[in-house]
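What follows is a single structure, and I will ask about it in a moment.
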């Protein structure tokens, strides 16, 4: 099992490469969790990742593979009302389907409970990603019935489905 730890500023270049590789472009198409067929912009920025790493109410977890390369990440943020938000879960396309996503998801729930004192965790998933929503549902997340607009300024014809899981 890979080593999981909180990200530091030194991880930023590798973390950024991983996120872009897993979510966008041709490399993302090697895996099954990408957004490359829906979006072609950059997924994040150095500034956004650096802010998340430094924020006292967020935890950016990184996973290292056998060669000490960053192969996965997930971000957990505190929300009002004893909730946490899970975001930017991604696994390098070369190592997907080996259990790392599940390990990151479980670790994120533990971080939300212990570090952020959350009793529930929520996430959003693009509504067109039925297979990904089903994957989360098999791991205890349930649709809340809420949909939110896709974040950002890009005009898109899809929305974000809200999923939630109890942590107690």
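Every number in this text was worked out from the coordinates using simple rules, so none of it is lab data. Small disclaimer: the values here were computed from a predicted structure and weren't measured. Ideal geometry is used to build each Cβ from the backbone, glycine not excepted, and the neighbour counts take in all protein chains shown.
What is the gain in length, in nm to one decimal, between residue 51 and residue 10 on full extension, counting 0.36 nm per residue of separation less the C-alpha to C-alpha distance?
Numbers: separation 41, 0.36 × 41 = 14.76 nm, distance 1.32 nm.
Between residue 51 and residue 10, full extension yields 13.4 nm more.
Sort 73, 8 so the one with the fewest other Cβ atoms within 10 Å of its own Cβ comes first.
Working: 73 24, 8 12.
Ordered from fewest to most neighbouring Cβ atoms within 10 Å, 73, 8 come out as 8, 73.
Among 89, 132, 6, what is the fewest-to-most ranking by other Cβ atoms within 10 Å?
On the way: 89 21, 132 17, 6 12.
Placing the least packed residue first, the sequence is 6, 132, 89.
Sort 90, 3 so the one with the fewest other Cβ atoms within 10 Å of its own Cβ comes first. Don't skip to the answer; put the middle values down first.
Numbers: 90 28, 3 11.
Final ranking by Cβ density, sparse to dense: 3, 90.
Give the shape of region 68-161 as rounded, prolate or oblate, defined through the alpha-carbon gyration tensor: a ≥ b ≥ c are the square roots of its eigenvalues, a/c under 1.5 means rounded, and otherwise the shape is prolate if a/b is larger than b/c and oblate if not. Don't skip to the end; give the middle numbers.
Working: a/c = 1.58, a/b = 1.09, b/c = 1.45.
Oblate shape, in that a/c is at least 1.5 and b/c is the bigger or equal ratio.
At a 10 angstrom cut-off on C-beta neighbours, averaged per residue, how do the peptides 47-55, 14-22 rank from highest to lowest?
Peptide ranking by packing, descending: 14-22, 47-55.
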